[in-house]
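Nothing in this text is a laboratory measurement; each read-out follows from the coordinates by a stated rule. What you are looking at is a predicted structure, and each value in this text was computed from that prediction instead of being measured. Positions of Cβ are generated from backbone atoms using ideal geometry, with glycine treated the same way; all protein chains shown enter the neighbour counts.
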Amino acid sequence: MHESLFQPLTMGALEAKNRIFMAPLTRGRSTQPGSVPNEMMETYYRQRASAGLIISEATGISVEGLGWPAAPGLWSDEQVEGWKPITDAVHAEGGLIVLQLWHMGRLVHPDFLGGNPPVSASATTAPGHAHTFEGRKDHQAARALSVDEIARVVEDYRHAAENAKKAGFDGVQLHAANGYLVDQFLRDSTNLRDDDYGGSPENRSRFLREVLTALVDVWGADRVGVRLSPNGETQGCDDSDPAATFGAAARVIEELGVAFLELREPGPDGTFGSTDVPKQSPLIRELYTGALVLNSDYTPEGAVADLEADRADAISWGRDFISNPDLPARFRTGAEIAPNVNVPHSWYGQGPAGYIDYPMLTKQEQAAAE
């Protein structure tokens, strides 16, 4: 079934065996202190290696940039060693895995920073609450990064990208979506700067350009990807003219020759965030000639329709991959797609429950369904 989903896809130097990608998913299972990947995470990723491409959970590039309890990082040698068995396990199962590089910007609570304020494009405060080891707490005011500090953050991205290569990943994806630091620079509700990093969409894309240039220097453009969320508000981050903003971002990504671009685009009936702001993927499709990956609330049928209409080259699934480790086999055979239970202790709990204990189809069940 759904043969369009099972065609191989070349994205730069990456050869995906199918077009069913695993979206990045924060799960909060790393070992603390130190944000170190562990054996439980190795099992989790191994189980899901039948995806055409695994985009790893968002992974902190620095202490400054990581503000989620038990999320992993990749700034230390210990973290590099923790990731190696995970990439080895995915490769042993015939899979591909890229690392998603993450700086949360103003969404990092001071509890993670020794009481110091978080950093952002400008001195703003995110709405709502931060997740901390002591429970939810109100977000606190961020301070604006200086120009010299921006250069230092770019180098933090470079260092994490170099560590990703040491850890055995197949490439990296820049997390530039969902209201985190790169998104805070891109959008005019959070970027109030009047220097070279603020004002016009082109200036607000400057930080994106500099970070991507560093990643391309490390990996080559053919192993680098980006994630954007170009329509609607997310975590208090919004834009008055998304076509102009994300058109400028798409031109940067195209100019640098980045291998793939993933867009999280909820609609008005989105089950995890919803918006009436039009999707920007048609515009971006005109501007960007690399592999375009679409994400948000897809059914297999909807995915096939967008692939066959050339609106996308691949589709990424998040929550369905949580509760269906063998999601491609279920799509192929028409087997039941187990619903994902929307409970935080399942998504973000510290143990194996709701993480590595979901059943997988046996070979006999796959054969019977076919």
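For segment 275-370, what class follows from the C-alpha gyration tensor (a ≥ b ≥ c being the square roots of its eigenvalues): rounded when a/c is under 1.5, otherwise prolate if a/b is larger than b/c, else oblate? Since a/c reaches 1.5 but b/c is at least a/b, the shape of segment 275-370 is classed as oblate. Against the main long axis of the alpha-carbon atoms of the chain, helix 206-219 sits at an angle near 50°. Here the residues SER205, SER120, SER323, ranked from fewest to most Cβ neighbours within 10 Å of their Cβ, fall in the order SER323, SER205, SER120. Here, segment 168-249 yields an orientationally averaged convex hull projection of 5.4 nm² when only Cα atoms define the hull. Among rounded, prolate and oblate, which fits segment 238-311 when a ≥ b ≥ c are the square roots of the eigenvalues of its C-alpha gyration tensor, a/c under 1.5 means rounded, and a/b larger than b/c means prolate? Note, shape of segment 238-311 comes out oblate. Each principal axis of the Cα cloud of segment 91-221 was taken in turn, and the coordinate range along them, longest first, works out to 44, 39, 22 Å. Hey, which lysines would be in cross-link range of LYS17, C-alpha to C-alpha under 30 Å, not counting anything within fewer than 8 residues on its own chain? Output for LYS17: LYS84, LYS165, LYS166, LYS279, LYS363.
Charge tally for GLY198 (other residues, Cβ to Cβ under 10 Å; Lys, Arg +1; Asp, Glu -1): -1.
Summary value for segment 71-198: 32 percent relative contact order, contacts being C-alpha pairs under 8 angstrom separated by 6+ residues. Taking all Cα pairs closer than 8 Å and separated by 6 or more residues, the relative contact order of the chain comes to 17 percent.
The equivalent ellipsoid that matches the C-alpha gyration tensor of the chain spans semi-axes of 30, 24, 20 angstrom, in descending order. Modelled this way, with points 7 Å down the Cα-to-C-beta line, the labels at THR271 and GLU78 are 3.8 nm from one another. The residues ILE55, ILE150, when put in order of fewest to most other Cβ atoms within 10 Å, stand as ILE150, ILE55.
From helices alone, the chain scores -9500 deg cm²/dmol at 222 nm; the rule is -39500 (n - 2.57) for each run of n ≥ 4 DSSP H residues, then divide by the residue total. Just report the Cα centroid separation between segment 163-215 and segment 243-270, whole Å. Answer, in whole Å: 12. Per-residue Karplus couplings for segment 138-149, computed as 6.51 cos²θ - 1.76 cosθ + 1.60 with θ equal to phi - 60°, are listed in order as 4, 4, 10, 4, 8, 10, 6, 5, 6, 4, 5, 5 Hz, Gly and Pro entered as x.
Looking at segment 3-369 alone, DSSP beta bridges between its own residues are antiparallel in about 20 percent of cases.
Beta bridges assigned by DSSP with both partners in segment 188-313 are antiparallel in approximately 10 percent of cases. Compared with the dominant Cα axis of the chain, that is its longest principal axis, helix 77-92 is turned about 30°.
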